[in-house]
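Written below as structure tokens is the structure these notes are about.
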Amino acid sequence: MKERTQLEATYAAHHAGQQRYGFSYRAKERGPQFAAWVGTGKRVLDLGCRDGLLTQYYVAGNQVTGVDIDQQALALGAQRLGIRTLWLDLNCEKLPFEQGAFDVVVAGELLEHLVDPALMVGEVQRILVPGGMFIGSVPNSFHWRARLAYLQGRSIEDPTHLQRFSRSTLLKLLQGFAHIRVVPVGGIGGRLLPTVPGWASQPLVRALPTLLANDFLFVSTTRGQ
């Protein structure tokens, strides 16, 4: 409990300091895609749900349980969406659910925060029904802006990230699933560069995902009975 409280303080300070309450990274891309994959009539476990800004895209028609380390975020999510919430430290506590308890597990921008993502993936497989879906996203740590920053002797990585993902490392982590689909998302330009319209940038992101994608969305399916 002491370790959980200490980690919660770290994340609560990070969320408040970075104005992350009421914000979800690339939600307009991740939310509709996650909702399409989740569908309706499902028992959904949302790991790292925070205050529900992403959860709101797929809560309708589903029975959703949200898990996070930040109790303030959980309270906001429960108030906004009326979902059941659970306070857990996913780095050192096993998921307190029986085998086959969920049809879908969502982990949006979570795996990079874990000491042992493979352990969590194993837990996800345990609690999913046969043919269940594991849906999520991870940031691309090898985007060209990150590479340029490294060459300049600095990092633009979120300080709470413990893992760095590329498309290949994500596929390796998910290799125990029967079917895996990875969708690179992102844009070209912005900040000091001209923004390339989506119709032109998206084909380039798909062609050069490791260099140009900001995020990798994934859907993976457990083996059926």
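Filter region 98-123 down to the residues that are of a type in the set (A, V, I, L, M, F, W, C), under 11 Å from the mean Cα position of the chain (by Cα) and part of a strand (DSSP E or B), then identify the one that is farthest from Val183 (Cα to Cα).
Val105
How many residues, within region 12-54, are closer than 20 Å to Val104 by Cα, touching a strand residue (DSSP E or B) at 6+ places or on another chain (Cβ under 9 Å) and either loosely packed, with under 14 Cβ neighbours inside 10 Å or not small (Gly, Ala, Ser) (or both)?
Total satisfying the criteria: 17.
Among the residues that make up region 134-155, is at least one of them part of a strand (DSSP E or B) and among the polar types (S, T, N, Q)?
Within region 134-155 (the criterion being part of a strand (DSSP E or B) and among the polar types (S, T, N, Q)), the answer is yes, since at least one residue qualifies.
Residues that are modelled with pLDDT of 90 or more and not basic (Lys, Arg): list the helices (runs of 4 or more DSSP H) wholly contained in region 164-221 that include at least 3 such residues.
Result: 167-173, 209-212.
Could you tell me which residue of region 38-75 is farthest from Thr10 (Cα to Cα), considering only residues that are touching a helix residue (DSSP H, G or I) at 6+ places or on another chain (Cβ under 8 Å) and in a helix (DSSP H, G or I)?
Among residues in region 38-75 that are touching a helix residue (DSSP H, G or I) at 6+ places or on another chain (Cβ under 8 Å) and in a helix (DSSP H, G or I), the one farthest from Thr10 (Cα to Cα) is Tyr57.
Testing Arg126 on (1) over 19 Å from Asp46 (Cα atoms); (2) under 20 Å from the mean Cα position of the chain (by Cα), one condition comes back false. Which one is that?
Against the list (1) over 19 Å from Asp46 (Cα atoms); (2) under 20 Å from the mean Cα position of the chain (by Cα), Arg126 comes up short only on (1).
Would you check if there is a residue in region 71-84 being touching a residue at least 60 places away in the same chain (Cβ under 8 Å) and touching a strand residue (DSSP E or B) at 6+ places or on another chain (Cβ under 7 Å)?
Checked against the condition, which is being touching a residue at least 60 places away in the same chain (Cβ under 8 Å) and touching a strand residue (DSSP E or B) at 6+ places or on another chain (Cβ under 7 Å), region 71-84 yields at least one hit.
Is it fair to say Glu3 is of a type outside the set (Phe, Trp, Tyr) and touching a strand residue (DSSP E or B) at 6+ places or on another chain (Cβ under 9 Å)?
Judged against the criteria, Glu3 is not a match.
Would you check which residues across region 76-92 are assigned to a loop (DSSP other than H, G, I, E, B), buried (at least 16 other Cβ atoms within 10 Å of the Cβ) and over 17 Å from the mean Cα position of the chain (by Cα) and list them?
Ile83
With the checklist (1) at pLDDT below 80; (2) assigned to a helix (DSSP H, G or I) in hand, flag the one item Ala35 doesn't pass.
(1)
The values are calculated or read from the model by the stated rules, or taken from the named source; none is laboratory data. Quick caveat, the model's predicted, so the values are computed rather than measured. Reconstructed Cβ throughout: ideal geometry from the backbone, glycine too, with neighbour counts over all protein chains shown.
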